[in-house]
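Quick notes on the structure that follows.
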Amino acid sequence: MYEFDYHRATSLDDAAGKLGDADAKLVAGGMTLIPTLKLRLARPSQLIDLGAIPALKGISEDGDAIVIGAMTRHAEVNRSAVVKRAIPALAAMAGMIGDPAVRNRGTIGGSIANNDPAADYPAAVVALNAVVRTNKREIAADNFFTGLFETALGEGEIVTGVRFPKVQAANYQKFKNPASRYAIVGVFVARSAGGVRVAVTGAGACVFRVPEMEAALARSFTVDSIKNIQIPQDGLNSDIHASAEYRSHLVNVMARRAVAACG
Ligand SMILES: Cc1cc2nc3c(=O)[nH]c(=O)nc-3n(C[C@H](O)[C@H](O)[C@H](O)COP(=O)(O)OP(=O)(O)OC[C@H]3O[C@@H](n4cnc5c(N)ncnc54)[C@H](O)[C@@H]3O)c2cc1C
C-alpha cells in the first residue's frame, strides 16, 4: 500500500467538509474500495470513513415505505424484521449477495454508489421505484444509475439512505457466478398500485428496465404473458461467463421465475 490520510468522520457535515479536499475518497465497508487501492486503480490522498456517523445507520418504517441508511450492511437488511415484513424480496436479495464476509462488511450505500454492472441492489432500487437520498437532494431510481460504474452523484455528494415504497408483490431471481456470486443475470420484478416494474442487472453495462415485459405484466400478471418476450442481444455483456445470446435468454427465464414466485 502507499501512504494516505485516514479520517473517521463523526457527522455528515464532517465527512462532506473533508470530501472537498483534493483526491479524498469515502470508504464504507471497503469491500470494493480496498481491493481497488491495492490494485492501484485509485490512489486517494485521504480516506474518509463513514462508519461512525449515526445518521447513516439503521432501518426504519416511514408510512408506506421503509428507509435504509447508507451504512446498513447487507446482513442487517437480510436479517431485518422490518424489511422481511414490508418487502420480503428485498431482505432475500440482500441474503444472496456474495458470502457472509461480504454481507457483514458491504453496505447499501457503497453498493449503489459503486454501481457495479453485476451488483444486485441496483435491480432492487430500480424495480421498487426507490428514491436515493443524499446530503444534497433526493434522486429517483430511474435517474440514479447512469452507466458502467457511473451514477448521478456529483462532487462532494454522499448517499445517506434509500427510501423503498412498499409494493403488493415482488421477487428477485439471480443466476449467479458460482465463484463471486455476482449476478450473471438478475431480474427483480415488483408489482404495485402504480404498475409493474422489471429491472435487470448483470446483463448490460448498467441496470435497465424491460418496458415490454412491464406492459405485458400490467395487462396480465402471469408467466405466460412474458414467455415470448426476448430482449435484444445488442449491447448485452458477453464474456467468459456467458455470451450476449445466453444472457438474453436468461433474462426471460429469470423474469418468468420471478413472476411465478410473486404468487
Ligand atoms: C468477493 C466479493 C463478492 C461480492 N459479491 C457480490 C454480489 O454477489 N452481489 C453484489 O451486489 N455485490 C457483491 N459484492 C459487492 C459488495 O456487496 C459491496 O456492496 C460492494 O463491494 C461495495 O462495498 P462497500 O459497501 O464496502 O463500499 P466501499 O468499497 O467502501 O465503497 C465503494 C465505493 O462507493 C463509494 N461510497 C461508499 N459509500 C458511499 C456513500 N454513502 N455515498 C457515496 N459514495 C459512497 C466509495 O467512495 C467507493 O467509491 C461483492 C464483493 C466482493 C469483494
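The table that follows gives values for the structure above.
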{"quantity": "25 °C / 0.890 mPa s Stokes-Einstein diffusion coefficient of segment 49-90, Kirkwood radius on C-alpha pairs, µm²/s", "calculated": "229 µm²/s"}
{"quantity": "Spin-label model distance (nm) - residue 43 vs residue 234, 7 Å beyond Cα toward Cβ", "calculated": "4.1 nm"}
{"quantity": "Cα-only Debye scattering, segment 52-116: base-10 log of I(q)/I(0) at q = 0.13, 0.26, 0.28 Å⁻¹", "calculated": "-0.32, -1.20, -1.31"}
{"quantity": "Contour excess over end-to-end distance, with Cα ends at residue 101 and residue 181 and 0.36 nm allotted per residue", "calculated": "27.5 nm"}
{"quantity": "Using a Förster distance of 22 Å, the FRET efficiency for residue 220-residue 261 (Cβ separation, nearest 0.05)", "calculated": "0.85"}
{"quantity": "Lysine pairs with alpha-carbon atoms under 24 Å apart, the chain, spacing 8 or more or separate chains", "calculated": "15"}
{"quantity": "Cα-based Rg and Dmax for segment 16-168, where Dmax is the largest Cα-Cα distance (Å)", "calculated": "14.7, 47"}
{"quantity": "Full-extension gain in nm, residue 155 to residue 6, via 0.36 nm per residue minus C-alpha separation", "calculated": "51.7 nm"}
{"quantity": "√(5λ) per eigenvalue of the Cα gyration tensor, the chain, largest first, Å", "calculated": "31, 21, 15"}
{"quantity": "Rg over Rh [alpha-carbon atoms, Kirkwood Rh] for segment 1-78", "calculated": "1.05"}
{"quantity": "Debye intensity ratio I(q)/I(0), log10, segment 196-263, q values 0.15, 0.18, 0.20, 0.27 Å⁻¹ (C-alpha model)", "calculated": "-0.45, -0.63, -0.76, -1.24"}
{"quantity": "Projected label distance in nm at residue 212 and residue 21, using a 7 Å step from Cα toward the beta-carbon", "calculated": "5.2 nm"}
{"quantity": "Relative contact order (%) - segment 93-193, alpha-carbon pairs under 8 angstrom, separation at least six", "calculated": "29 percent"}
{"quantity": "Relative contact order, percent, the chain [alpha-carbon distance under 8 Å, six or more residues apart]", "calculated": "15 percent"}
{"quantity": "Stokes-Einstein D in µm²/s, Kirkwood radius over Cα pairs - segment 105-166 at 37 °C with 0.692 mPa s viscosity", "calculated": "286 µm²/s"}
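Here, each number is a calculation from the coordinates, and none is a lab measurement. All values derive from a computational prediction rather than experimental measurement. All Cβ positions, glycine included, derive from the backbone under ideal geometry; neighbour counts span all protein chains shown.
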